[in-house]
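The values are calculated or read from the model by the stated rules, or taken from the named source; none is laboratory data. A quick note: this is a predicted structure, and the numbers were derived from the prediction, not measured. When we count neighbours, we look across all protein chains shown, and the Cβ atoms used for this are built from the backbone with ideal geometry, even at glycine.
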Amino acid sequence: MFIRNTWYVAAWSHEVLAEGFFSRVITGIPVMLYRKEGGEIVALEDRCCHRGAPLSLGRREGDCVRCMYHGLRFDSAGACVEAPAQQRIPPQAKVRSFPAVERHRWIWIWTGDPALADPAQIPDTHWLDDPAWRCRPGYIHYDVDYLLICDNLLDFSHLPFVHRTTLGGHEEYAAVQPKVERIENGVRVTRWVMNTDAPPFAAAVKHCPGKVDRWNIYDFTLPGVLRMDSGMAPAGTGAREGTRVDAAEFRSCQALTPETEHSTHYFFSMPHNFAIDQPEVTDSIHQSIVEAFAEDSAIIHAQQKNLALDPSFRMMAFGIDSALSQFRRIVDQRLEEERQASPLAAEGAAR
Amino acid sequence: MFIRNTWYVAAWSHEVLAEGFFSRVITGIPVMLYRKEGGEIVALEDRCCHRGAPLSLGRREGDCVRCMYHGLRFDSAGACVEAPAQQRIPPQAKVRSFPAVERHRWIWIWTGDPALADPAQIPDTHWLDDPAWRCRPGYIHYDVDYLLICDNLLDFSHLPFVHRTTLGGHEEYAAVQPKVERIENGVRVTRWVMNTDAPPFAAAVKHCPGKVDRWNIYDFTLPGVLRMDSGMAPAGTGAREGTRVDAAEFRSCQALTPETEHSTHYFFSMPHNFAIDQPEVTDSIHQSIVEAFAEDSAIIHAQQKNLALDPSFRMMAFGIDSALSQFRRIVDQRLEEERQASPLAAEGAAR
Amino acid sequence: MFIRNTWYVAAWSHEVLAEGFFSRVITGIPVMLYRKEGGEIVALEDRCCHRGAPLSLGRREGDCVRCMYHGLRFDSAGACVEAPAQQRIPPQAKVRSFPAVERHRWIWIWTGDPALADPAQIPDTHWLDDPAWRCRPGYIHYDVDYLLICDNLLDFSHLPFVHRTTLGGHEEYAAVQPKVERIENGVRVTRWVMNTDAPPFAAAVKHCPGKVDRWNIYDFTLPGVLRMDSGMAPAGTGAREGTRVDAAEFRSCQALTPETEHSTHYFFSMPHNFAIDQPEVTDSIHQSIVEAFAEDSAIIHAQQKNLALDPSFRMMAFGIDSALSQFRRIVDQRLEEERQASPLAAEGAAR
């Protein structure tokens, strides 16, 4: 069961080339992405309506695609426009076409009711291609339910434990209760740790002679998108009050997209606004993130294996779970709303 | 659920040596094949009635087999004739014995009611060892329901798309509607394409200076056996009317045998009656078929993966599906007949 | 469904080091073993009560363990004693602690009702570290239901067939009916074969000029523990009557512990009381056992594969199955008793 009426990140822009097709399963649906001759993104169900073969194994013919099993031809709206030895093509001969928007190096698609697909609802991630910021694109595949990764991102008390030598820093970081606020479609988490050590990944690229004030302020919204203002400034220089003098600032953008009920696509990047003319700084930051996310992957896959051993296991809530508990309720509520609004559509949307 | 009262190809003759045992799962049943000292084929359930160990890991003792787990001995009819530390062997101590017939290099077995096993019903595939023809034996294993491969073989409009550089030829091939006739236990498909290009695999071994008339005429019968008269002759020389002058003719024999509900054994060969004293011609034809069948395997496994993502997906019938739709109905009807004739036997036959 | 109120072997002593953690799934439960600073064994559920992460990926802090996902700290009794940003820890915040006893190089744990865990019930395996005996430790992992291995161990008629060149010997061994007696929680099997050949593994280390009298006398008790007096002596020297002159004697200790419903831990050793100052003799015996157990593994995994093909297959009992049939009844009876005694506990014990 997946939320349908929402925008999911399906790919990084560079994954979909000018020629050929790109294929990825999104919320249980095989999806084929390609670019029209003008560059515009097309997102079609990657399953021929005839016998179910992947269209992405087919052939580009202008903006159309020819299924290379039996030769059916589809236009970029998904309509079958030609079939061998057949004059009349019935109008129901088509594959699903998904609203798709390319914005700031991410390609977003909508697998719900197309009439509700409003590009204005796509979260702002302009830091990904803003010339004042620099970043590199990241992707990881997880063999776990995407909610376990949401949990991880909604409780940063794991930073000093899972990420001691990368994102972590001193364990006092975990002792600070973050502020958690309900926002539209999600939560906002704000954590300030004053007069502390710089986290290793930042200390590696930014000279930090003494203690710092450190912050992580992020919105985590449906379906699983994190946008964060984080950074550090010399302790006591007023960062918390809004003065960011000699600060190292980041605007991490991360998106979780379920592949299936038990696997997840994870898109991420870590834009920074200092030393943007030094590629080795961008590389160092990206490498730290990649290492840190491998640490997350190890513990979350181990957690998943433990949970699979006993379906009756119930997690026990602690104080640190405030944000993740709120977000899980938001997810459940949205799923329930979609079920009630249109029981058949909710079911049928998978098709 | 498998059709029981039918002959299945279980092996190529050369797979079952004079010594030792050959083991293969056929329609969900582990089957052990071996040759008596006189060469006659024996087909026994490859599962000791005692603790279920494979008899094929056992020892030949004349025409008998000794289970090498606890030492039970079975005769070639499947009866237990000796057990350690036991004088009297109860008559129900036996493994199933299957009627088996070796004919034209194929070994056929019958997993249904032995009383109904009539070797006269075995389809004629004499081209496999007729001295006027030459071929090499082929085998592929598929991890898909055998019906998906039946579908493939019943709709040759896939030839120019899946097999462009092997069996394919010009796409106009797909535009010709074949004639489909109902025959006993199956369908006959007849397709003539006049004044067309020679398919690559044939052009590689037969000089074709100009256009050809090309035909594929095959019977596809239960459980999944294809026997085809195919070939090409110089265009306009009257092949369709029965005159085969300077023709390249083939008599392909192919058999699909379900291993389990989700996997299939595929036996095939492509006898030809020209250049039969030139082994390199036979090799070239066989190699083309092997390459082409790898192309089928790629698209059918991809199709299977897509179908598994969504059990509610319904294939949409097109005009080209006439033969495969008829054959699927024949399969369903036979399964239903077997269920009604003997509900318990149909069930129990798996044992 | 596993028997709960019983002692299971969880590990060899040397597997649990002075530092760090050792993790193994026992009867479906992830278990973490470690040693307190004084060496005493601790056995905790290896699944944090918070989000289910494995504690064994955590950090030792004295006798406590810190979960390295979010930093919860547990004492050696399983109680959570610290959580980030939280003053009061609720008493239900804990992981299961299992009674554990280290005895004669084996570590036993109890996954049932702790109040019933009586170390006096642990079977005596003192030969494993008795200075008058020598042995090496063995371990194999099986991907089968542990009962199939119990079956194997309860019917030694397989010796001359499965283990011809290792434990086996002449096939007349299988022709001798063993005596089977019911004992507390299991069966005792006694088999004497008089005036026979020495089995290969023993002949390799003990000079046997002529025929021998050979015996295997073992108790096989819940949950799956074999303790055996076996050996051989020159034929006719009165071994059966109690005189063991120039005998080669063994006291094999073997324990089967279910990992899951479909996989098993197998601990074994073969103490001998002759040539105990010759390590090459101990090595040779151990190597023979390892080879023989690989032979068992091959046939039992093949058997399991055959059984999985047809869940309706019913094994047919032969005379040689007396001991294993009795033991399976003892297992069923114990499971039924635990179910009746406490339906919820039996269910809940997996947690």
**Report entry** Scan of segment B:192-205 for residues that are surrounded by fewer than 21 Cβ atoms within 10 Å (Cβ to Cβ) and touching a residue at least 60 places away in the same chain (Cβ under 8 Å), ordered by number
**Finding:** B:PRO200, B:ALA204, B:VAL205
Report task. Please go through segment C:30-43 and pick out each residue that is farther than 19 Å from C:TRP12 by Cβ and not charged (D, E, K, R). Result -> C:GLY38
Requested in this report: Return the total of residues in segment C:2-30 being on the phi > 0 side of the Ramachandran plot and surrounded by fewer than 21 Cβ atoms within 10 Å (Cβ to Cβ).
Outcome: 2
Report task. Output yes when any residue across segment A:288-310 is part of a loop (DSSP other than H, G, I, E, B) and surrounded by 14 or more Cβ atoms within 10 Å (Cβ to Cβ), and no when none is. Result -> yes
Report task. Quickly run through segment B:66-102 and pick out the residues that are of a type outside the set (Gly, Ala, Ser) and under 28 Å from the mean Cα position of the chain (by Cα). Result -> B:VAL95, B:ARG96, B:PHE98, B:PRO99, B:VAL101, B:GLU102
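Yes or no, residue by residue, for (1) under 21 Å from B:ARG188 (Cβ atoms); (2) buried (at least 22 other Cβ atoms within 10 Å of the Cβ):
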position	(1), (2)
B:THR111	no, yes
B:PRO114	no, no
B:ALA117	no, no
B:PRO123	yes, no
B:PRO137	no, no
B:ILE140	no, no
B:ASP143	no, no
Query raised in the report: Out of (1) assigned to a loop (DSSP other than H, G, I, E, B); (2) within 14 Å of chain A (Cβ to nearest Cβ), what's the single condition that is false for B:GLY238?
Result: (2)
Query - Residue in segment C:130-138 that is out of contact with any helix residue (DSSP H, G or I) (no Cβ under 9 Å at 6 or more places or on another chain) and small (Gly, Ala, Ser) present - result: yes
Report summary line: Scanning segment B:311-333 residue by residue, the ones that are assigned to a helix (DSSP H, G or I) and among the aromatic types (Phe, Trp, Tyr) total 1
Report summary line: Checked C:VAL81, C:VAL95, C:VAL42 against criteria (at pLDDT 95 or above, under 30 Å from C:PHE220 (Cα atoms) and not assigned by TED's automatic domain parsing to the domain that holds C:SER263); the one match is C:VAL42
**Report entry** A:LEU33 surrounded by 23 or more Cβ atoms within 10 Å (Cβ to Cβ), within 14 Å of another protein chain (Cβ to nearest Cβ) and under 28 Å from A:SER269 (Cβ atoms)
**Finding:** no
Report summary line: Per the filter on segment C:44-55, residues out of contact with any Asp or Glu (no Cβ under 6 Å at 6 or more places or on another chain) and more than 7 Å from chain A (Cβ to nearest Cβ) are C:LEU44, C:GLU45, C:ASP46, C:CYS48
Query raised in the report: Take the residues of segment C:148-191 that are within 12 Å of chain B (Cβ to nearest Cβ) and among the small types (Gly, Ala, Ser): which is surrounded by the fewest Cβ atoms within 10 Å (Cβ to Cβ)?
Result: C:ALA175
Report task. Tell me which residues, restricted to segment B:249-287, are crowded, with 22+ Cβ neighbours inside 10 Å and among the aliphatic types (A, V, I, L, M). Result -> B:ALA255, B:LEU256, B:MET270, B:ILE285
**Report entry** Cβ-Cβ under 7 Å pairs, at least 6 apart or on other chains, segment B:312-323 side more than 16 Å from B:LEU148 (Cβ to Cβ) and facing chain A (nearest Cβ under 8 Å), far side of a type in the set (Gly, Ala, Ser) and part of a loop (DSSP other than H, G, I, E, B)
**Finding:** B:GLY319/A:ALA85
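Let's see how each residue does on (1) out of contact with any Asp or Glu (no Cβ under 6 Å at 6 or more places or on another chain); (2) within 24 Å of B:LEU167 (Cβ to Cβ); (3) at pLDDT 95 or above; (4) of a type in the set (Phe, Trp, Tyr):
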{"residue": "B:PHE267", "(1), (2), (3), (4)": "yes, yes, yes, yes"}
{"residue": "B:HIS272", "(1), (2), (3), (4)": "yes, yes, yes, no"}
{"residue": "B:ILE299", "(1), (2), (3), (4)": "yes, yes, yes, no"}
{"residue": "B:GLN303", "(1), (2), (3), (4)": "yes, yes, yes, no"}
{"residue": "B:ASN306", "(1), (2), (3), (4)": "yes, yes, yes, no"}
{"residue": "B:SER325", "(1), (2), (3), (4)": "yes, yes, yes, no"}
{"residue": "B:ASP332", "(1), (2), (3), (4)": "yes, no, yes, no"}
{"residue": "B:ARG351", "(1), (2), (3), (4)": "yes, no, no, no"}
Query raised in the report: Applying the selection to segment C:56-65, what residues are facing chain A (nearest Cβ under 10 Å) and within 29 Å of the chain's Cα centre (by Cα)?
Result: C:SER56, C:LEU57, C:GLY58
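Let's see how each residue does on (1) surrounded by fewer than 18 Cβ atoms within 10 Å (Cβ to Cβ); (2) out of contact with any Pro (no Cβ under 8 Å at 6 or more places or on another chain); (3) within 12 Å of chain C (Cβ to nearest Cβ):
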position: B:ARG73; (1), (2), (3): no, yes, yes
position: B:ALA77; (1), (2), (3): yes, yes, no
position: B:GLN86; (1), (2), (3): yes, yes, yes
position: B:ILE89; (1), (2), (3): yes, yes, yes
position: B:LYS94; (1), (2), (3): no, yes, yes
position: B:ALA100; (1), (2), (3): no, yes, no
Requested in this report: Return the total of residues in segment B:105-130 being more than 30 Å from B:ILE276 (Cβ to Cβ) and either in contact (Cβ under 8 Å) with a residue 40 or more places away in the chain or assigned to a loop (DSSP other than H, G, I, E, B) (or both).
Outcome: 8
Report task. Examine segment A:139-155 for a residue that is more than 18 Å from the chain's Cα centre (by Cα) and at negative phi, and state whether such a residue exists. Result -> no
Query raised in the report: Does C:ASP246 satisfy being in a loop (DSSP other than H, G, I, E, B) and either surrounded by 15 or more Cβ atoms within 10 Å (Cβ to Cβ) or free of Cβ contacts under 8 Å to residues at least 24 places away in the same chain (or both)?
Result: yes
